[in-house]
Amino acid sequence: MKDNVLIEVEHLKKYFKVGKKSILKAVDDVSFKINKGETLGLVGESGCGKTTCGRTVLGLYEATGGKVIFKGINIQTLKGKDKREFSKNAQIIFQDPYASLNPRMTVGDIIAEGIDIHGIYSGEKRTNRIYELLELVGLNKEHASRFPHEFSGGQRQRIGIARALAVEPKFIVCDEPISALDVSIQAQIVNLLIKLQKELDLTYLFIAHDLSMVKHISDRVGVMYLGTMVELATSQNLYEKPLHPYTQALLSAIPIPDPNIERDRKRIMLEGEVPSPINPKPGCRFVGRCRYAKPKCEESLPEFKEVEKNHFVACHLYDEKK
Ligand SMILES: Nc1ncnc2c1ncn2[C@@H]1O[C@H](COP(=O)(O)OP(=O)(O)OP(=O)(O)O)[C@@H](O)[C@H]1O
Ligand code: SF4
Ligand SMILES: [Mg+2]
């Protein structure tokens with residue numbers, strides 16, 4: 001099992017200083033592993049720390065605490081050639097295909113950015129690699145000389161994917177790659193990512209706002225709430241038997257296609273505002289909105305632990321388990 005792990009995130013923290021005295025705990029003690037060839041979905045409301053987590057895992061943000069271990073090596077200790085090798089191996093696809101492509105560069109040059117930075121190919125080999133990448137993502141070589149504004153949202157996201165793939169990465173953080181797209185296009189991009197994963201043996205951390213989006217693509221799913229990971233399980237377990245009150249509420253909000261079931265179903269309303277991640281109180285971050293909250297929940301942060309095989313949860317309701 002251990003041999004199969006590509007990336008291990010241990011007690012990762014990323015804090016931002018706000019003003020003179022305050023600390024914003026964007027990611028606060030988050031742990032998970034991703035196996036080779038696997039997709040781990042990461043979901044949670046806006047501002048819960050998904051992007052910060054993804055960027056810290058990639059080393060784009062310096063961690064405040066904890067470790068990111070890639071192929072058995074702590075990335076914080078990498079230097080020189082090894083550091084460049086990691087930045088080649090670990091790529092990102094961004095949420096907004098409009099903002100993430102430089103409007104003044106041709107599509108070919110955008111895709112070749114990583115190839116140029118790492119000095120992988122030049123001349124004809126570089127051009128051929130650009131053509132190959134365009135075809136891999138469902139575009140064609142005539143597109144190489146055009147500019148981003150000439151493309152639709154879905155096509156731009158394909159360009160973003162080609163750019164990430166150019167340096168033959170092993171691991172890709174897909175940061176809400178379909179949220180900005182029309183619903184009709186979303187499935188096409190998800191299917192493209194699934195196809196590429198199989199062909200190129202890729203490992204994904206797939207970030208999304210809501211659970212319905214990650215269900216199709218993820219082997220396992222982690223749920224974040226206000227900087228912490230509250231639940232992590234296989235997709236099937238998480239959907240069929242959510243343990244954390246927050247996950248239960250998120251799932252109850254997803255409409256079921258069958259109108260008979262949908263009509264009789266009870267929605268769990270999430271009451272109260274998402275609290276601020278600045279100087280959080282010591283207890284469970286979900287306490288103000290939780291219908292099971294008890295005094296203990298105000299006092300101490302529940303431990304994130306495995307309560308059933310491969311099913312992790314951070315909630316005092318499960319303190320007696322294991
Ligand atoms: N560079 C930064 N400086 C200060 N605070 C930041 C910075 N980046 C993010 N934050 C804060 O950290 C918290 C988590 O932000 P993050 O962007 O990671 O959330 P997210 O889950 O990706 O949200 P969304 O779904 O809206 O993309 C937010 O409160 C945000 O305001
Ligand atoms: S620890 Fe308490 S407040 Fe937090 S989710 Fe569990 S029951 Fe609710
Ligand atoms: Mg984000």
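Quick check: residue separation of S179 and L78 times 0.36 nm, minus the Cα distance between them. What number comes out in nm? Length difference between fully extended and current span is 33.0 nm.
Spin-label point model (7 Å from Cα, Cβ direction): what's the D219 to K241 distance in nm? Calculated label separation equals 2.1 nm. Loop-located GluC sites (Glu not before Pro) across the range 45-89 with a Cβ neighbour count of 13 or fewer within 10 Å are E62, with loop assigned by DSSP.
What number comes out for the charge environment of G54, summing +1 per Lys or Arg and -1 per Asp or Glu over other residues with Cβ under 12 Å away? Please report the intermediate quantities before stating the final value.
Working: positive: K14, K50, R55; negative: D175, E176.
The answer is +1.
Sorted into 5 angstrom bins from 0, the C-alpha pair distances of the range 168-322 split as 1, 8, 15, 18, 18, 16, 11, 7, 4, 1, 0 percent. For the range 61-161, the Cα-based Rg and Dmax, in that order, read 15.9, 47 Å. The simple Förster model, with R0 at 41 Å and r as the Cβ-Cβ distance, assigns K281 and K309 a FRET efficiency of 0.80. Normalised per residue, the accessible area of the range 84-173 is 47 Å², obtained with a 1.4 Å probe and no contribution from ligands, DNA or RNA. At q = 0.13, 0.16, 0.17 Å⁻¹, what log₁₀ I(q)/I(0) does the range 95-217 have when each alpha carbon counts as one equal point scatterer in the Debye sum? The calculated log intensity ratios at q = 0.13, 0.16, 0.17 Å⁻¹ are -0.49, -0.74, -0.84.
Apolar share of the accessible surface for the chain: 51 percent from carbon plus sulfur atoms, 1.4 Å probe. Note that the chain carries a Kirkwood radius of 20.9 Å, evaluated over its alpha carbons pair by pair. Per-residue ellipticity at 222 nm computed for the chain from its helices equals -9000 deg cm²/dmol, with DSSP H segments shorter than 4 residues left out and the rest contributing -39,500 (n - 2.57). Applying 0.36 nm per residue to the separation of E132 and S31 and subtracting their alpha-carbon distance, the gain on full extension is 32.7 nm.
On a 0 to 90 degree scale, rounded to 10, what angle separates helix 153-165 from the longest Cα axis of the chain? The helix 153-165 is inclined about 80 degrees to the chain. Every Cα-Cα pair in the range 39-99 was counted, and those over 12 Å apart are 73% of them. A 1.4 Å probe over all protein chains sorts M105, M229 by accessible area into M105, M229, starting with the largest. The trypsin sites (Lys or Arg not before Pro) of the range 1-72 meeting both criteria, a DSSP state outside H, G, I, E and B (loop) and at most 10 other C-beta atoms within 10 angstrom of the site's C-beta, are K20, K21. In this rough spin-label picture, where each label sits 7 Å from Cα along the Cβ direction, the S152-E199 distance is 2.0 nm.
Fully extended, how many nm does the chain gain between S145 and E124 (0.36 nm per residue separation, minus their Cα-Cα distance)?
Values: separation 21, 0.36 × 21 = 7.56 nm, distance 1.48 nm.
Extending this stretch completely gives an extra 6.1 nm.
Phi-derived couplings, Karplus 6.51 cos²θ - 1.76 cosθ + 1.60 at θ = phi - 60°, listed residue by residue for the range 144-151: 4, 8, 8, 10, x, 5, 7, 10 Hz, with x used for Gly and Pro.
The values are calculated or read from the model by the stated rules, or taken from the named source; none is laboratory data. All values reported here derive from a predicted model rather than from experimental measurement. So basically every Cβ, Gly included, is an ideal-geometry build from the backbone, and we count neighbours across all protein chains shown. Ligands, DNA and RNA are stripped out before the accessible areas are found, and what is left, the full protein with its side chains, is counted by its heavy atoms. Shrake-Rupley method; radii C 1.70, N 1.55, O 1.52, S 1.80 Å.
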